[in-house]
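Undergrad: Before I ask anything, here is the structure I am working with.
The values are calculated or read from the model by the stated rules, or taken from the named source; none is laboratory data. Just so you know, these numbers come straight off a predicted model, no measurement behind them. All Cβ positions, even for glycine, are placed from backbone atoms using ideal geometry, and neighbour counts span all protein chains on display.
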Amino acid sequence: MIFHPTILALYISSILITFMVLYAAFYGVQILRRWNLASGSEDQLILERKTYLISTLLAYLFGFELLSLFLYVFTVDRLHTFFVGAMCAAGALYVNSYGYPALILKVVNFLLAGFWLILNYADNQGYDYPLIKKKYSLLLLIAPLLLTEVILQANYFLRLKPDIITSCCGSLFSKEAHTFVSEMSVLPSHPTEIVFYLSIGFTAISGLYFYRRGKGGYLLSSLSGITLLVSVVSILSFISVYFYELPTHHCPFCILQREYGYVGYPLYMALLGGTISGVGVGLLMPFRKIKSLSEAVPSLQRRLALASTILFLIFTAIVTYRMVFTDFVLEGI
Amino acid sequence: MIELNNVRKVFNAGKPNEFVAIHGVSVSIDANRVTVLKGPSGSGKTTLLSLIGCMTRPTSGRIKLSEREITSLPERFLTEIRRKTFGFIFQQFNLIKGVTALENAMLPAYPIGEKHISLKKRAMNLFDLFNISQKAYSKIEWLSGGEAQRVTIVRALINNPSIIIADEPTAHLDTKLSQELMEILGRFKEEEKTVLIASHDPMVYESDVVDRVINLRDGKIDGETA
């Protein structure tokens, strides 16, 4: 099973990413300990040259890390046919105890990689490496998480046993499952819809306000984080139900399948992209007053705020379109 | 002002063929003056010019340009400085054959994205200034050595740089053309440009237009002549 092309692609990319990140982390430690721009020593000049190369390589690798989340979900979804009981990625992930932890870590690393890319882009706009220590500090946080992700992912794929009977998403995301996630699945739909639209509305207004006035960066950042959480709960509670037109089916994975036009991919991409851009605005707030970034960072923040607003609105538009143009009526369930 | 602080340049560091081209040079070069780096072949003149002109990075040490430290700059900032601050006149003319003198002269300005009409006008004014406007549409291979040299000067000036760097500019010129070139370089002082020349030609370092001669030997400063 591990010779499945997408699994091999995930293995190779994960190994490459981890190797490079560990290599970069090694230099990150040296940069944090020895970086001194005032010095013209040979060591300092070597670090300056290395960081330019390393950050360029990492930018590409983290770009692939963003894609690998969707490749992982796609692969797991394809694997569900091998397991009795699995109807989609939800069941396939449940085959052993590594599937879901690997997925959660992939989402965390997806967000962290996005934040690192924003920080790296901002740093490259300054002539004096203004964010170099922050950038490499974040890298040192990401490195062990990426390593753990690779170990969990490898364990998941290596321990797949085709004779295992797993649970289907219908039981995993139902009231009877008595888990935290299943409790969210059965939240009353009407109040959840109100909270969802309010959070999207406030985030969009905050994003547009920042885009026009350049103020309220921390607010936008916080609202973007809240919107991510509210949206995930909403997907479990009512959004998925509208797509399946089945009041008892709350699976967040089936929407990734062909039967639903792969709508889950644009939905999750827009949600995660909007979150990274929105939180990224707040992430850059402390660096607006750095002399070499005083022009570049506010401009970058405005673009991120606009991107965040557009992506959240795309997410909402897909959801709303489905809710409006379906014969299915959920209210009262 | 250009300030070099303990600059060292090593080629092939750590390998059997390691070569130290510049040994901890510290020097300040005044703005709006003509300064000559004088020394025999292999003394490090061209390497030092390349370091100052942001074409290569030192192994250690720092270089400041108008109080701004440039050795630590990421490559894209260096490209910007090279493009806007320096004009280069090379020993080999490095003109592109098959295209006209005018196209050659305008080439360094293309990445800036200036409108072609205004760029061409500026280039033609410079061709007029150096009395070669009649050769503007001639291909490079049709030009004499002196004409080609003037085209390289126009090319060096096209982005209106504040510093002109010339590496052995008289190497392929006869006495008359060499004197003419030195007169042209001397005129740059009046336009508040800094001229930095590497040469071991007496026509250059004994010229009246030169303000300062820095002697180089084996990659070190070996005295100077004011």
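Undergrad: Being touching a Ser or Thr at 6+ places or on another chain (Cβ under 6 Å), of a type in the set (A, V, I, L, M, F, W, C) and either crowded, with 17+ Cβ neighbours inside 10 Å or closer than 17 Å to A:Leu223 by Cβ (or both) is the filter here, so list the residues in the stretch A:180-203 that pass it.
TA: A:Phe196, A:Ile200
Undergrad: Restricting to the stretch A:115-129, name every residue that is among the hydroxyl-bearing types (Ser, Thr, Tyr) and under 15 Å from A:Arg303 (Cβ atoms).
TA: Answer for the stretch A:115-129, where residues must be among the hydroxyl-bearing types (Ser, Thr, Tyr) and under 15 Å from A:Arg303 (Cβ atoms): just A:Tyr121.
Undergrad: Given the structure, is B:Gln134 more than 30 Å from B:Ser28 (Cβ to Cβ) and of a type outside the set (A, V, I, L, M, F, W, C)?
TA: Criteria met by B:Gln134.
Undergrad: If you don't mind, there's one more thing I want to ask. Only one of (1) closer than 18 Å to A:Leu58 by Cα; (2) more than 14 Å from chain B (Cβ to nearest Cβ) is not met by A:Asn124, so which one is it?
TA: Single failed check for A:Asn124: (2).
Undergrad: Here are some conditions: (1) of a type in the set (Ser, Thr, Tyr); (2) closer than 21 Å to A:Phe74 by Cα; (3) modelled with pLDDT of 75 or more. A:Tyr136 meets all but one. Which one does it not meet?
TA: For A:Tyr136, the failing item is (2).
Undergrad: Also, quick follow-up: Between B:Arg212, B:Arg217, B:Arg187, which is within 23 Å of B:Gly53 (Cβ to Cβ) and either touching a strand residue (DSSP E or B) at 6+ places or on another chain (Cβ under 7 Å) or among the β-branched types (Val, Ile, Thr) (or both)?
TA: Among B:Arg212, B:Arg217, B:Arg187, only B:Arg212 is within 23 Å of B:Gly53 (Cβ to Cβ) and either touching a strand residue (DSSP E or B) at 6+ places or on another chain (Cβ under 7 Å) or among the β-branched types (Val, Ile, Thr) (or both).
Undergrad: (1) surrounded by fewer than 17 Cβ atoms within 10 Å (Cβ to Cβ); (2) more than 22 Å from the chain's Cα centre (by Cα); (3) closer than 22 Å to A:Ile12 by Cα: which one isn't true of A:Leu160, the others all being true?
TA: Only one criterion is unmet by A:Leu160, namely (1).
Undergrad: Select, from A:Ala59, A:Ala9, A:Ala89, the only residue that is more than 24 Å from B:Gly14 (Cβ to Cβ) and within 14 Å of another protein chain (Cβ to nearest Cβ).
TA: A:Ala59
Undergrad: Out of all the residues in the stretch A:198-226, which are more than 11 Å from A:Thr309 (Cβ to Cβ) and either outside the structural domain of A:Ile276 (by TED's automatic domain parsing) or among the hydroxyl-bearing types (Ser, Thr, Tyr) (or both)?
TA: Residues satisfying the conditions are A:Ser199, A:Tyr218, A:Ser221, A:Ser222.
Undergrad: Of all residues in the stretch B:49-70 being without any contact (Cβ under 8 Å) to a residue 40 or more places away in the chain and within 14 Å of another protein chain (Cβ to nearest Cβ), which is surrounded by the fewest Cβ atoms within 10 Å (Cβ to Cβ)?
TA: For the stretch B:49-70, the residue satisfying everything is B:Arg68.
Undergrad: Given (1) touching a helix residue (DSSP H, G or I) at 6+ places or on another chain (Cβ under 9 Å); (2) outside the structural domain of A:Phe70 (by TED's automatic domain parsing), where does A:Lys134 come up short, assuming only one miss?
TA: Result: A:Lys134 passes all but (2).
Undergrad: Being modelled with pLDDT of 90 or more and either within 17 Å of the chain's Cα centre (by Cα) or not assigned by TED's automatic domain parsing to the domain that holds A:Ile15 (or both), is that true of even one residue in the stretch A:176-183?
TA: No; the residues of the stretch A:176-183 include none that is modelled with pLDDT of 90 or more and either within 17 Å of the chain's Cα centre (by Cα) or not assigned by TED's automatic domain parsing to the domain that holds A:Ile15 (or both).
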